[in-house]
Amino acid sequence: MPDPRETRVLLEHADDPALRTIDGYRRLVGGYATQERAYRDMEQDEVLKELEDSGLRGRGGAGFSMGKKASFLPRGEMAKYLCCNADESEPGAFKDRELMQRNPHQLIEGIAIAALAADAGHAFIFIRGEYDAQADILDAAVAEAYEAGYLGKNILDCHRDLELVVHRGAGAYICGEETALLDALEGKRGNPRLKPPFPAVQGLYGGPTLINNVETLSNVPRIVAKGADWFKSFGTEQSPGTKVVSISGGVRRPGNYEVELGIPTRELIHGLAGGPLPGREIKAFFPGGSSSPVLTAEEGLDLPYSFEAMAGAGSMLGSGSIIVADDQVSIPHLALRTARFYHHESCGKCTPCREGTNWTVKMLERMVRGEATPIDLDIVSAVQENIIGHCLCVLGDSMAMPVGAMVRKFRPEFEEVMAAAGSPLDHELQAVVQGPAETLGASV
Amino acid sequence: MSPVDGAGAGNPNLPVDRALTEGRSSDGPSAGIPELHEVDCPTELRERIETLMARYPDRHSASIPALWAVQERYGWCTPEGIRQAAAVMRVTPGYLESVASFYDLLHTEAVGSHRIEVCTNISCWMRGGDELLDAFKAAAGEDEDFFVTGFECLGACDIAPMASIDQRYFGPLEAAEAGVAIEQIKSGAEVLPEKNQARRPLAGDTPNPGGSNA
Ligand SMILES: Cc1cc2nc3c(=O)[nH]c(=O)nc-3n(C[C@H](O)[C@H](O)[C@H](O)COP(=O)(O)O)c2cc1C
Ligand code: SF4
Ligand code: FES
């Protein structure tokens, strides 16, 4: 029995392994009936309208209206593409894994219907290479869908073709950024492109391309089946629908929970995820993956979990991934972990990101090693400010925002760590005694 | 060689990978595209790459899948394997090398046949990921069959701390289970069946140890 606080729509029957097969998908949730109806009886504009009216917002991070984005694609005879973003590499996010593993056909049907809305003839699922088990499941499901005539040539005798390829990445977070994803899919190193042109106008192989997240596309079949009003009966006005929320870190029952958007954040963390580990307390949390500015427990626990409430608190819902830091977690060390990730994943194309992530890591390392002075805290903050808005893609901002927030909100903790690690002078003296190699490497 | 169709061709503002359009000039003889008869590519590998290329509107899209195929065949992306794939794909080896070097899962140096990636990112770190990595390194010891490395978030923070062992996920792991897993791999036994992510129920279907609303 699912936890009564969940509202399982996308995860309906997801506990049943039979759902993974085409027969199970049809039997348990009436799968592919919506694609049949859409392909046989609906015009492109009708599908688009339903999606736009539903207010479905992208579940990959930016929260942009899915229907609106699909409507940006130009009309007319030309090769158009649909890319499903299944890169899911942001620390804290693991919902797409669950959706693909348990209900691959829901995604395939969503892609087929979205391809009708975008008038795309070729679709790709770009899945991170680490998700090998899930890619195998998708491969099997795609083969079943071809076999049953839901993909391929002249689908359901409706004179419409759709090829769907499962494309495995090979380990690079940046490929989740939509234009880097396109480069990777074209067989290149995954470097982001300058925008505009936006992918909807000029994307894969230079053609108009609709890019959406796994969860976004998984919502499509039910919206088209049950209508925009049904969808809007869940969630809040600005954040309609349900959301699969990944909760991890310092909680007793980490996992994916599907809830209506707007549910109290406390109910997610303390209720569904079981609250902090015994004897501990929650100090702070990332509300939307490691790129979202952390909220302190006081700031965040009583907010509704919605796009607008998180934005109002100066953070973001992002991909909907909560990472909980309890009172045993050192925030300066957490900042360092966060910064290291972005430094490792920076593609190096623009200077503020490449150098900014590099220097942030170095300075945070100096802090936790006790080689920094309090003024370095101001320098770290300034570095973050100089990154934000100055990069080609938002990977740079994705480090600067959470690290900046940690320094701002937990400054005394940084000062404490620096003091506890010893004064810079002590370390210089030590270095003189032990030899200069270390200090040379670490000095700014 | 022509630029990749579409992107770059029509739009001078789009960055085009120079390795793609020109090959790597510094690479000497390998700067050109090798001929198939020069590389002695196993038929199976050639056919596989050809099938992969046919799946895409543009054959260049098959570069990552082709490198995966090379890695599966040779254990890592060997220079010879890369030349073979380049000959089949009609691109320069330098181009495929530059692609391979971008991605963490493609190895351009020899690595052990069993790959263990231990997540040390935020959620796993909070739950003992660093210690788990140390334990795997110690358990693998000097055995060259094993390639143990720390890794960024693998998208399984619900089972933190976790590791990907030969592309399958396991967690939450105790440090002591590292040695068990290594022994199981050596003896050909199933690896940590209780900790296999594929077998876990949905979190909401499991007992909630906290569960208050406080
Ligand atoms: C560095 C970076 C990484 C990203 N990673 C992902 C990802 O793994 N999955 C995803 O769906 N979107 C990711 N995005 C967002 C995508 O660029 C894009 O906005 C999204 O796929 C659009 O789909 P949606 O509108 O359905 O959310 C990332 C963005 C950035 C800047
Ligand atoms: S912001 Fe960073 S990751 Fe994005 S393009 Fe610039 S260097 Fe690359
Ligand atoms: S932090 Fe380890 S899997 Fe996400």
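The values are calculated or read from the model by the stated rules, or taken from the named source; none is laboratory data. Owing to the predicted nature of the structure, the values given are computational and were not obtained by experimental measurement. Counting neighbours? That spans all protein chains shown, and the Cβs are built from the backbone with ideal geometry, glycine included. The accessibility values were calculated without ligands, DNA or RNA, using every heavy atom of the protein model including side chains. Shrake-Rupley method; radii C 1.70, N 1.55, O 1.52, S 1.80 Å.
Confirm whether residue A:205 is touching a strand residue (DSSP E or B) at 6+ places or on another chain (Cβ under 9 Å), outside any loop (DSSP other than H, G, I, E, B) and not assigned by TED's automatic domain parsing to the domain that holds residue A:119. Steps first, please.
Working: touching a strand residue (DSSP E or B) at 6+ places or on another chain (Cβ under 9 Å): yes; outside any loop (DSSP other than H, G, I, E, B): yes; not assigned by TED's automatic domain parsing to the domain that holds residue A:119: no.
Criteria not met by residue A:205.
Yes or no, residue by residue, for (1) surrounded by fewer than 24 Cβ atoms within 10 Å (Cβ to Cβ); (2) over 20 Å from the mean Cα position of the chain (by Cα):
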position	(1), (2)
B:154	no, no
B:159	no, yes
B:188	yes, yes
B:192	yes, yes
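Within the range A:243-261, can one find any residue that is in contact with a strand residue (DSSP E or B) (Cβ under 8 Å, 6 or more places away or on another chain), of a type in the set (Gly, Ala, Ser) and surrounded by fewer than 23 Cβ atoms within 10 Å (Cβ to Cβ)?
no
Within the range A:326-346, how many residues turn out to be away from ligand 1 (no atom under 16 Å from the Cβ), in contact (Cβ under 8 Å) with a residue 12 or more places away in the chain, open to solvent by 20 Å² or more (accessible area, probe 1.4 Å) and assigned to a helix (DSSP H, G or I)?
Final tally of qualifying residues: 1.
Inside the range B:94-122, can you point out the residues that are in a loop (DSSP other than H, G, I, E, B) and among the small types (Gly, Ala, Ser)?
The answer is B:101, B:110, B:112, B:113.
Among the numbered criteria (1) surrounded by fewer than 23 Cβ atoms within 10 Å (Cβ to Cβ); (2) closer than 28 Å to residue B:171 by Cβ, which single criterion is violated by residue B:124?
Among (1) surrounded by fewer than 23 Cβ atoms within 10 Å (Cβ to Cβ); (2) closer than 28 Å to residue B:171 by Cβ, the lone unmet condition for residue B:124 is (1).
Kindly provide the set of residues from the range B:127-152 that are more than 14 Å from chain A (Cβ to nearest Cβ) and open to solvent by 30 Å² or more (accessible area, probe 1.4 Å), ordered by number. Talk me through it step by step, then tell me what you get.
Restricting attention to the range B:127-152, the residues satisfying the condition of being more than 14 Å from chain A (Cβ to nearest Cβ) are B:131-132, B:134-146, B:148.
Of everything in the range B:127-152, those that are more than 14 Å from chain A (Cβ to nearest Cβ) and open to solvent by 30 Å² or more (accessible area, probe 1.4 Å) turn out to be B:131, B:134, B:137, B:138, B:139, B:141, B:142, B:143, B:144, B:145.
Out of the residues in the range A:183-196 that are surrounded by fewer than 22 Cβ atoms within 10 Å (Cβ to Cβ) and more than 7 Å from chain B (Cβ to nearest Cβ), state the one that is nearest to residue A:87 (Cα to Cα).
Top of the filtered list is A:195.
If you go through the range A:14-37 one residue at a time, do you hit one that is of a type in the set (Lys, Arg), in a helix (DSSP H, G or I) and open to solvent by less than 50 Å² (accessible area, probe 1.4 Å)?
There is no residue in the range A:14-37 that is of a type in the set (Lys, Arg), in a helix (DSSP H, G or I) and open to solvent by less than 50 Å² (accessible area, probe 1.4 Å).
Filter the range A:57-80 down to the residues that are within 14 Å of ligand 1 (Cβ to nearest atom) and within 14 Å of another protein chain (Cβ to nearest Cβ) and list them by number.
Residue satisfying the conditions is A:60 alone.
Can you tell which of B:117, B:109 is open to solvent by 40 Å² or more (accessible area, probe 1.4 Å), under 19 Å from the mean Cα position of the chain (by Cα) and either at pLDDT below 95 or not basic (Lys, Arg) (or both)?
So the residue among B:117, B:109 that is open to solvent by 40 Å² or more (accessible area, probe 1.4 Å), under 19 Å from the mean Cα position of the chain (by Cα) and either at pLDDT below 95 or not basic (Lys, Arg) (or both) is B:109.
Quick one: is residue A:126 out of contact with any Phe, Trp or Tyr (no Cβ under 7 Å at 6 or more places or on another chain) and within 13 Å of chain B (Cβ to nearest Cβ)?
yes
Based on this model, can you work out whether residue A:31 counts as more than 14 Å from every other protein chain (Cβ to nearest Cβ), more than 16 Å from ligand 3 (Cβ to nearest atom) and more than 22 Å from residue A:225 (Cβ to Cβ)?
Here the answer is no, as residue A:31 does not meet what is asked.
Those residues that are open to solvent by less than 40 Å² (accessible area, probe 1.4 Å), farther than 15 Å from residue A:355 by Cβ and more than 13 Å from ligand 2 (Cβ to nearest atom), I need them from the range A:370-412; list them, please.
A:370, A:372, A:376, A:377, A:381, A:402, A:404, A:405, A:406, A:407, A:410
Scan the range B:137-160 and report the pairs whose first residue is on the phi > 0 side of the Ramachandran plot and whose second residue is at pLDDT 95 or above and buried (at least 21 other Cβ atoms within 10 Å of the Cβ), with Cβ atoms within less than 6 Å and a gap of 6+ or a chain change.
Matching pairs, first to second residue: B:155/A:88; B:155/A:94; B:155/A:97.
For the list (1) outside any loop (DSSP other than H, G, I, E, B); (2) crowded, with 18+ Cβ neighbours inside 10 Å, I need the number of the one condition that residue A:308 fails.
(2)
Could you say whether any residue in the range A:341-348 is more than 17 Å from the chain's Cα centre (by Cα) and either at pLDDT 95 or above or within 16 Å of ligand 3 (Cβ to nearest atom) (or both)?
Within the range A:341-348 (the criterion being more than 17 Å from the chain's Cα centre (by Cα) and either at pLDDT 95 or above or within 16 Å of ligand 3 (Cβ to nearest atom) (or both)), the answer is yes, since at least one residue qualifies.
From A:296, A:209, grab the single residue that is open to solvent by 10 Å² or more (accessible area, probe 1.4 Å), away from ligand 3 (no atom under 16 Å from the Cβ), hydroxyl-bearing (Ser, Thr, Tyr) and over 18 Å from the mean Cα position of the chain (by Cα).
Values: A:209 fails: open to solvent by 10 Å² or more (accessible area, probe 1.4 Å).
The unique qualifying residue is A:296.
Any idea how many residues of the range A:311-325 are out of contact with any strand residue (DSSP E or B) (no Cβ under 6 Å at 6 or more places or on another chain) and either open to solvent by less than 30 Å² (accessible area, probe 1.4 Å) or within 16 Å of ligand 2 (Cβ to nearest atom) (or both)?
Residues meeting the conditions: 3.
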